[in-house]
Amino acid sequence: MPATRARPSLDLFDVQGRRVRSLFAGSLQAGEPRELPVDTNGLSPGLYSVRLQSKHHVQHLRVLIQP
């Protein structure tokens, strides 16, 4: 049976809930590990939220960007 492919998205939000950057939108094979560098140029230091969304799942993670 072929592995399922998901079309996840990964977005960065500020503390007001505004999307400030799309980090990834594309296709991944289920179970495929992925490392993603994040360009923080132009972002103010502070607390942000990262949202990972796929067809059946949404996960939020808080991140701190430091100077």
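Within region 23-67, being among the hydroxyl-bearing types (Ser, Thr, Tyr) and either modelled with pLDDT of 95 or more or in contact with a Phe, Trp or Tyr (Cβ under 7 Å, 6 or more places away or on another chain) (or both) holds for Ser44, Tyr48, Ser49. Restricting Leu12, Leu64, Leu23, Leu52 to residues that are loosely packed, with under 11 Cβ neighbours inside 10 Å, outside any loop (DSSP other than H, G, I, E, B), in contact with a strand residue (DSSP E or B) (Cβ under 9 Å, 6 or more places away or on another chain) and among the hydrophobic types (A, V, I, L, M, F, W, C) narrows the list to Leu64.
Might you check whether a residue that is part of a strand (DSSP E or B) and of a type outside the set (Phe, Trp, Tyr) occurs anywhere in region 30-44? No: zero hits. Taking residues in region 49-60 that are of a type in the set (Val, Ile, Thr), and partners anywhere that are in a strand (DSSP E or B) and at pLDDT 90 or above, the pairs with Cβ atoms closer than 6 Å and at least 6 places apart or on different chains are Val50/Leu12; Val50/Leu61; Val50/Val63.
The values are calculated or read from the model by the stated rules, or taken from the named source; none is laboratory data. Only a predicted model underlies this, so the values are computations on that prediction, with no experimental measurement involved. Neighbour counts run over all protein chains shown; Cβ positions are idealised from the backbone, glycine included.
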